[in-house]
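Asks: Below: one structure in structure tokens.
The values are calculated or read from the model by the stated rules, or taken from the named source; none is laboratory data. Quantities reported herein were computed from a predicted structural model and do not represent experimental measurements. Every residue, glycine as well, gets a Cβ built from its backbone with ideal geometry; the counts of neighbours run over all protein chains shown. Please note that ligands, DNA and RNA were not included when accessible areas were found on the heavy atoms of the full protein model with its side chains. Shrake-Rupley method; radii C 1.70, N 1.55, O 1.52, S 1.80 Å.
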Amino acid sequence: MPDSILALLSVAGAILLGAMSPGPSFVMIAQTAVTSSRLSALAAAAGMGVGCMIFSTIALAGLHSLLVLVPWLYAALKTAGGVYLLWLGFRMLTRSGKTDIHTAASGVMRPGNAFIKGLVIQLSNPNTAIVFGSIFAAILSKHISPYLYLLLPVMAFCIDAAWYGTVAWLLSSEKPRKAYISYRNWFDKAGGLMMSYLGIKLILR
């Protein structure tokens with residue numbers, strides 16, 4: 001197998017494993033899938049994919065090094081992202097505990113809003129740019145072919161959007177929706193606590 005193909009497969013595997021790891025992105029996609037339309041959940045997944053593509057482009061451009069070399073910029077972006085996650089967690093924790101279908105529908109988002117929210121959540125963690133930089137540095141050669149500057153961001157988008165799109169499709173079916181409606185209060189509290197924990201962790205890291 002040519003080295004370039006092997007390197008691409010290795011990068012693809014690393015991106016997929018990163019997408020599959022539990023985090024605020026998964027919480028947001030799951031909540032959107034069970035409270036909004038399937039289209040909104042898929043739009044949020046597309047927003048996640050675009051965020052992943054942006055971070056991979058930043059890493060290829062070497063801008064991730066700027067975050068390491070300029071501590072105050074990295075700290076500012078990290079704090080802003082953490083505060084945003086804390087705000088989302090607070091909103092989930094302070095929701096009404098009613099579990100009827102009308103209350104569940106109150107969290108409905110339009111596809112455009114869901115896309116933006118997915119994008120913002122993906123971009124809320126600047127550590128991702130550094131992770132991409134580390135993956136590229138470890139797997140790719142120092143001088144890569146020009147076509148990879150286009151292929152790698154597109155590949156990052158496809159993998160991230162495909163994973164979260166699959167999650168969105170599965171959780172927006174009837175059974176997960178009914179389960180959410182029945183235990184909405186518990187799901188919201190668990191999701192809010194996770195969002196808050198990840199926000200604090202991001203700020204303090």
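Asks: Rounding to the nearest 10 and keeping the result within 0 to 90°, find how far the Cα-based axis of helix 3-20 lies from the longest principal axis of the chain.
Replies: Tilt of helix 3-20: around 20 degrees.
Asks: Only one of the values [x] 54, 32, 31; [y] 41, 35, 33; [z] 58, 39, 24 was calculated from this structure for Cα extents along the principal axes in Å; name its label.
Replies: For Cα extents along the principal axes in Å, the calculated option is [z].
Asks: When the helices in the chain are scored as -39500 (n - 2.57) per DSSP H run of 4 or longer and the sum is shared across all residues, what 222 nm value do you end up with, to the nearest 500 deg cm²/dmol? Spell out each step's value before the answer.
Replies: On the way: 11 runs with 166 residues, N = 205.
The helix contribution divided over the chain gives -26500 deg cm²/dmol.
Asks: Tell me the trypsin sites (Lys or Arg not before Pro) within region 30-91 that lie in a loop according to DSSP and have at most 15 other beta-carbon atoms within 10 Å.
Replies: Answer in residue order: no site qualifies.
Asks: For the residue pair residue 113 and residue 175, what label-to-label distance in nm results when each label sits 7 Å from Cα along the Cα-to-beta-carbon direction?
Replies: In this crude label model, residue 113 to residue 175 measures out at 3.0 nm.
Asks: With every protein chain kept in place and ligands, DNA and RNA left out, what is the accessible area per residue of region 115-159? Probe 1.4 Å, answer in Å².
Replies: Accessible area per residue, region 115-159: 52 Å².
Asks: While we're here: Averaging sequence separations of C-alpha pairs under 8 Å and six or more residues apart, then dividing by the length of the chain, give the relative contact order as a whole percent.
Replies: 46 percent
Asks: So, one more: How large is ³J(HN,Hα) for each residue in region 25-34, as worked out from phi by the Karplus curve 6.51 cos²θ - 1.76 cosθ + 1.60 (θ = phi - 60°), to whole Hz, x for Gly and Pro?
Replies: Karplus-based 3J(HN,Hα) across region 25-34 equals 4, 5, 4, 5, 5, 4, 5, 5, 5, 8 Hz.
Asks: Rounding to the nearest 10 and keeping the result within 0 to 90°, find how far the Cα-based axis of helix 127-139 lies from the longest principal axis of the chain.
Replies: 40 degrees
Asks: Using θ = phi - 60° and the Karplus curve 6.51 cos²θ - 1.76 cosθ + 1.60, what whole-Hz ³J(HN,Hα) does each residue of region 153-170 get, with Gly and Pro shown as x?
Replies: Whole-Hz 3J(HN,Hα) from phi for region 153-170: x, 5, 5, 4, 4, 4, 5, 5, 5, 5, 5, 5, x, 5, 4, 4, 5, 5.
Asks: Just 173, 40, 25 to compare: in a GNM of the chain, with alpha carbon springs under 10 Å, which one fluctuates most?
Replies: 173
Asks: Report the full-extension gain for the segment residue 190 to residue 94: residue separation times 0.36 nm, less the Cα-Cα distance, to one decimal in nm. Each step should come with its number before you reach the end.
Replies: Working: separation 96, 0.36 × 96 = 34.56 nm, distance 1.18 nm.
So the extension gain works out to 33.4 nm.
Asks: Next question. Give me a comma-separated list of calculated 3J(HN,Hα) values for region 171-185, in order, Karplus coefficients 6.51, -1.76, 1.60 applied at θ = phi - 60°, integers in Hz, x for any Gly or Pro.
Replies: 7, 8, 7, 5, 4, x, 4, 5, 5, 5, 4, 5, 10, 4, 4
Asks: Further question: With r defined as the distance between the Cβ atoms of residue 70 and residue 151 and R0 fixed at 45 Å, what FRET efficiency is calculated, to the nearest 0.05?
Replies: 0.95
Asks: Next up: In the chain, which longest range has no chymotrypsin sites (Phe, Trp or Tyr not before Pro) that are both DSSP loop (not H, G, I, E or B) and surrounded by at most 16 other Cβ atoms within 10 Å?
Replies: Counting only loop sites that pass the neighbour cut-off, the longest clear stretch is 1-146.
Asks: Quick one: angle between helix 38-60 and the longest Cα principal axis of the chain, in degrees between 0 and 90, rounded to 10, please.
Replies: With both axes taken from Cα atoms, the answer is about 30 degrees.
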